[in-house]
Structure formats: C-alpha cells, structure tokens
Amino acid sequence: MTTSAPIRLRVFSLNCWGIRYLSKNCIERFVLIGDLLNQEQLDIALLQEVWCEKDFLFLKKKLGSVYPYSHYFKSGFIGSGLAVFSRHRIHDAFLYRYSLNGYPYMAQHGDWFGGKAVGKVLLNISGLTVHVFVTHLHAEYCREKDSYLPHRVVQAWELQQFIRHTSAGADVVILGGDLNMHPDDLGTRLLRNYTGLLDSFSEAAKFDGCEEGFTHISENPFTHTDGLVPFGGGVRIDYILFKGSGEVDVSCESLSTTKGPVPGQPFPYSDHEALTAEFLFTPTKKGNGCSEREFGCVSDKLPELINTVNEARTEVKVGLHCSERMRHTAARTGIMGLVLLVLELAIAAVPLFALGAEQPFPKASFYLLGALCFAVLLSTLMLYIFYSIEVKALQGTEDQMRLALSSLHERIKESPKVLSSDHLQNPLDSKDSVHL
C-alpha cells in the first residue's frame with residue numbers, strides 16, 4: 001500500500017435488460033446509458049444483461065474517452081451479459097460460471113442459455129489492491145412456487161466461495177449486480193454472513209432514490225407489476241456490497257438510484273433502476289473487513305452463520321430430492337420408449353418370417369411410430385444426462401456445506417463466549433434426510 005490519504009471511489013451498477021429484438025427500446029436505451037455514464041464521470045461501471053457483444057462494443061467506443069479500460073465476460077450460448085468499464089487500469093480478469101442455472105427446456109425463461117456467472121477484475125487504485133466482482137443470479141419467476149430456489153442457493157454458495165477464495169490480499173472488495181434476491185432471502189444472508197460484505201443501502205450515510213431502495217418498481221413500464229403488488233409496489237434485488245481489510249477502512253458516503261423515466265424520454269434506462277455508490281477508503285490498521293487469515297467474520301456471528309448454512313443445506317437437499325425424482329422419471333420414460341421401439345421392430349420382422357402370400361405392410365405408420373419412439377428415447381436421454389449433472393452439482397454443494405458446518409462448529413468450540421447462544425442449531429450430518 002503506497003498511499004495514506006483517503007480515496008473516493010464511485011461505483012455504478014445496472015441490469016441493462018439488453019435482449020436485442022425482444023427488449024423494448026433496446027438500442028435507444030443503450031445510447032442513453034452511455035450518455036449517463038459519460039455524464040456521471042464514475043470510477044467503475046458494472047453492467048448486467050448486455051447480452052449482445054455489439055452493444056458492449058458500442059458502449060466501449062462511446063465511453064472510451066472517460067472509461068479507457070473495459071472487459072466483457074463471455075459465457076454460455078449467448079454470453080454472461082456481464083461487462084465492466086473503468087477509469088482505472090484493469091490488471092486481471094477472470095470468470096466463474098455457476099454449475100447450476102435453470103433448465104434448458106424452460107426456454108421461455110432463457111436463464112440456462114445465458115450462462116450466468118460471476119466476473120472479477122483486479123484494479124490498483126492509488127496503491128490499493130481492489131477486487132471488483134460483478135454477477136447476475138437466476139431470476140425468481142414465482143415466489144410462492146419457486147422451482148429455481150435450489151439453483152439460486154447453489155449460485156449464492158458458489159459466489160461467496162469464489163469471493164472468499166480469490167480475495168486473499170485484497171485491500172478492498174466490491175460486489176455489484178442483480179442478485180434476484182430480497183435483502184432477507186436465504187441466498188443474500190448466506191452471501192453476506194459468510195463473506196462479511198456490507199450492504200451499501202444499509203451503510204450509506206446519505207440516500208437518494210426510490211422508496212426503501214427499490215430497484216424493481218411497479219411504476220416502470222417495462223415491469224410486470226403482478227408480482228410486485230404484495231411487496232408494496234417494489235423490491236430491492238440489485239446491490240452494491242463492499243468490505244475493507246485490516247489496513248483499509250471503507251465507508252459508504254452515499255447511495256442513489258435512478259427514478260423512473262429518463263429525463264425527456266417516455267421510458268427508463270431499463271426494467272431495473274441503476275445504483276450509484278460513493279465510497280471513502282481510509283488507510284488504517286483496524287479496517288472494517290476481515291484480515292487475510294480469518295476464515296469468515298467475527299466469532300459472535302458464527303451462530304447466525306451456522307443457522308444460515310443449515311438452512312441452505314436443507315434447501316439444497318430438497319432440490320436434490322426433486323432432481324433425483326425427475327432423473328428416475330426420465331429413466332423410466334426412456335425404458336418405455338425403448339420397449340416400444342423393440343416391439344415395433346419385432347412386429348416389422350413378422351412378415352419376413354411369414355409363410356405364404358406376401359402381406360401388405362403399413363410403411364407410413366411404421367415410420368411415424370419409429371420416429372416417435374426415437375424422439376422419446378433421445379429426449380429422455382438428454383434429460384437423464386441433464387438431471388444427472390444437476391444431481392452431482394447439488395450433491396457436491398451439500399458435501400461442501402457439511403464440511404463447512406463441521407469447520408464452523410470447531411471454531412465455535414474455540415470461542416467459549418458463543419457456546420451459550422440460544423440461536424445455535426445442531427449441524428446436519430450425512431445421515432440426515434429431508435422429509436417431503
């Protein structure tokens with residue numbers, strides 16, 4: 001670290017809803033987003049749902065004079081949608097793609113094709129090592145019957161692991177993106193409790209924006225309002241999280257959101273509101289982050305963390321049970337298709353061994369039924385492979401959580417003051433089962 005003076009840093013995050021030919025006013029909105037970023041003179045801009053690389057290249061050209069450094073994270077069939085623009089040199093970049101991300105046959109949702117991931121860039125700002133992460137988790141399409149919840153919990157688990165294991169030596173850690181989770185949701189608590197990241201909305205000394213910091217509001221003309229009515233017309237699912245280190249104290253001086261339509265335009269920048277946070281980095285020997293040798297956060301938060309991991313592990317086991325059931329269904333359906341195909345071939349072979357006059361053979365029906373049986377076999381095989389991958393990913397995550405719980409309980413034994421906590425739950429062992 002080569003600086004002793006406080007440093008100010010402004011960070012921007014926006015889900016751009018950039019689906020070409022499907023998102024309304026897509027081209028016009030990217031022009032306006034570029035104008036906004038040039039006007040604001042930010043330090044870092046973290047963008048999500050920039051699905052088309054042409055839109056990234058357009059922004060790169062438009063923003064080149066203000067943000068000379070940029071990176072586009074490529075993943076999946078249509079890309080991760082993640083992009084970073086920075087006034088400071090990007091020294092390194094890396095992408096981690098989540099192991100689970102929806103279902104390929106749910107094409108109307110499209111998450112599986114997007115290759116959701118977390119991207120990381122490494123910056124050096126006035127001698128401080130700053131690790132910046134940008135991510136976009138799987139969407140929540142129905143809160144009452146959320147079939148994607150296990151996938152989102154796995155993504156949150158992998159996200160916190162990626163941040164913890166790649167941020168050793170960082171003076172400052174910043175995460176921005178669309179988490180698609182409410183502040184008190186399981187995945188959000190898991191991420192914050194494990195990494196020690198702070199929520200800029202809760203920590204900001206000054207806030208200017210939508211009520212309760214909402215980033216998905218019913219007044220937005222691009223938003224489906226039905227799902228927002230139970231929450232008072234808006235939800236907060238986009239975040240800028242941060243933490244310092246043992247040598248740098250980080251405080252959030254202000255946080256703001258955009259508010260509806262672009263000035264002079266009948267539509268907003270996106271179906272989400274943008275976030276802008278201003279941070280103050282103050283070199284100190286007692287910062288507000290965990291030191292490098294700490295596994296997690298302070299010991300008095302261990303009971304809460306254990307409870308959160310227990311809850312997450314239970315949700316993963318529920319998802320595992322459902323996935324195994326679907327894999328068995330695919331296997332049974334495939335066997336039925338194979339039996340039908342064998343039976344059809346047997347029927348077709350009968351005239352070859354028949355004695356006497358040649359019998360008429362219904363070729364059209366034979367080919368149609370054969371094509372149907374082959375389609376059933378192929379589709380069930382693909383589903384069986386997909387569900388096998390899902391089962392292994394869920395089993396792997398559940399194993400990791402079991403190991404983490406064992407380690408956390410060992411740490412609790414070394415911290416007598418938290419042993420008497422009334423909120424501590426017993427860990428699940430490998431013999432536990434989920435009763436549905």
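Screening 90, 78 for residues that are touching a Phe, Trp or Tyr at 6+ places or on another chain (Cβ under 6 Å) and at pLDDT 95 or above leaves exactly one candidate, 90.
Residue 151 meets all of the listed conditions (1) open to solvent by 10 Å² or more (accessible area, probe 1.4 Å); (2) in contact with an Asp or Glu (Cβ under 9 Å, 6 or more places away or on another chain) but one, namely (1).
Please find, among 238, 184, 208, 226, the residue that is surrounded by fewer than 24 Cβ atoms within 10 Å (Cβ to Cβ) and under 27 Å from residue 100 (Cα atoms). Reasoning before the result, please.
Working: 238 fails: surrounded by fewer than 24 Cβ atoms within 10 Å (Cβ to Cβ); 208 fails: under 27 Å from residue 100 (Cα atoms); 226 fails: under 27 Å from residue 100 (Cα atoms).
Step by step, each of 238, 184, 208, 226 is checked, and only 184 is surrounded by fewer than 24 Cβ atoms within 10 Å (Cβ to Cβ) and under 27 Å from residue 100 (Cα atoms).
Among the conditions (1) farther than 20 Å from residue 92 by Cα; (2) touching a strand residue (DSSP E or B) at 6+ places or on another chain (Cβ under 8 Å), the only one that residue 75 does not satisfy is (1). When residue 112 is tested against the conditions (1) buried (at least 16 other Cβ atoms within 10 Å of the Cβ); (2) out of contact with any Pro (no Cβ under 6 Å at 6 or more places or on another chain); (3) of a type outside the set (S, T, N, Q); (4) at pLDDT below 95, the lone failure is (2).
The residues of region 210-257 that are touching a His at 6+ places or on another chain (Cβ under 7 Å) and part of a strand (DSSP E or B), listed by number, are 216, 234, 235, 238. When restricted to residues that are open to solvent by 10 Å² or more (accessible area, probe 1.4 Å) and either over 19 Å from residue 31 (Cα atoms) or of a type in the set (A, V, I, L, M) (or both), region 50-68 contains 2. Filtering region 387-399 down to residues that are out of contact with any helix residue (DSSP H, G or I) (no Cβ under 7 Å at 6 or more places or on another chain) and of a type outside the set (Gly, Ala, Ser), which residue is nearest to residue 302 (Cα to Cα)? Of everything passing the filter in region 387-399, 399 is nearest to residue 302 (Cα to Cα).
Any residue at all in region 49-57 that is of a type outside the set (Lys, Arg), in contact with a His (Cβ under 9 Å, 6 or more places away or on another chain) and either without any contact (Cβ under 8 Å) to a residue 40 or more places away in the chain or not in a strand (DSSP E or B) (or both)?
Of the residues in region 49-57, the ones of a type outside the set (Lys, Arg) are 49-53, 55-57.
Applying the additional criterion that residues be in contact with a His (Cβ under 9 Å, 6 or more places away or on another chain) yields 49.
Remaining after also requiring either without any contact (Cβ under 8 Å) to a residue 40 or more places away in the chain or not in a strand (DSSP E or B) (or both): none.
The answer is no; no qualifying residue exists.
Residue 177 passes every criterion in (1) at positive phi; (2) assigned to a helix (DSSP H, G or I); (3) not acidic (Asp, Glu) apart from (2). Could we say that residue 11 is open to solvent by less than 10 Å² (accessible area, probe 1.4 Å), within 18 Å of the chain's Cα centre (by Cα) and β-branched (Val, Ile, Thr) here? The answer is no for residue 11.
Figure legend. Inter-residue proximity from region 125-144: first residues of a type in the set (Asp, Glu), second residues crowded, with 18+ Cβ neighbours inside 10 Å, beta-carbon distance below 9 Å, spacing 6+ or different chains. Indicated pairs: 140/148; 140/149; 140/152; 140/180; 140/181; 140/185; 140/237.
The values are calculated or read from the model by the stated rules, or taken from the named source; none is laboratory data. Nothing here was measured: the structure is a model prediction, and the numbers come from that model. Neighbour counts run over all protein chains shown; Cβ positions are idealised from the backbone, glycine included. Accessible surface areas use protein heavy atoms only, side chains included; no ligands, DNA or RNA. Shrake-Rupley method; radii C 1.70, N 1.55, O 1.52, S 1.80 Å.
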